[in-house]
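Report on the structure given below.
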Amino acid sequence: MELFVIRHAKAEAHGHPQGDGARALVAKGIDQSQRIGRFLKQIDRRPDVILTSPLVRARETAEHLCKAAEMPGPVVQGWLACGMDPETAIRELVAFCDFERVGIVGHEPDLSSFIEWLLGCSGSSVEVKKACVSGLLVHPPAWHARLLFHLPVSMIQG
């Protein structure tokens, strides 16, 4: 399976009156999300399904990405909320093994830890910046992976 790990795009600053989960994307974040979607479409690597954290900034990232990539909307998954650990991610991703390509949209430091776990490295070897997309070739059931690419949105043309 090809797994695309995507960190949410730029959102409102911390301190939202309704809490961290309510922080929405800012205009720059919407643009970043759309760029990722167009990129995945351009390289002919649109995921068969996009799974997203229920937090507003991740969900909006996934929605704008899907629209720009001209693909069905995202599926909200509670396990992708802040605090996800690699073991939980693997248990949940098993249900999506029939898909050729799966995208997940989530948060830091969870995504970096997950990529490190899949690659068998540790010690802050991976940093997933906002609106970064990482492509991995994952081999269930052993769940080891090979990194295909790791691109911050700044390297993706508009």
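The values are calculated or read from the model by the stated rules, or taken from the named source; none is laboratory data. Only a predicted model underlies this, so the values are computations on that prediction, with no experimental measurement involved. Methodologically, a virtual Cβ is constructed for each residue, glycine included, from the backbone with ideal geometry; neighbour enumeration extends over all protein chains shown.
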Options GLY78, GLY73, GLY29, GLY83; residue that is over 21 Å from PHE114 (Cα atoms) and surrounded by fewer than 18 Cβ atoms within 10 Å (Cβ to Cβ): GLY73
Can you tell me which residue in segment 131-145 is surrounded by the most Cβ atoms within 10 Å (Cβ to Cβ), limited to those that are at pLDDT below 95 and not aliphatic (A, V, I, L, M)? TRP143
Looking at segment 41-57, is at least one residue at pLDDT 95 or above, part of a helix (DSSP H, G or I) and within 17 Å of VAL26 (Cα to Cα)? yes
Inside segment 1-38, can you point out the residues that are charged (D, E, K, R) and not in a loop (DSSP other than H, G, I, E, B)? GLU2, ARG7, ASP20, LYS28, ASP31, ARG35, ARG38
Single match in ALA24, ALA68 (criterion: more than 23 Å from HIS150 (Cα to Cα) and surrounded by fewer than 20 Cβ atoms within 10 Å (Cβ to Cβ)): ALA24
Going by the conditions given, is SER113 in contact (Cβ under 8 Å) with a residue 24 or more places away in the chain, closer than 24 Å to LEU55 by Cα and in a helix (DSSP H, G or I)? yes
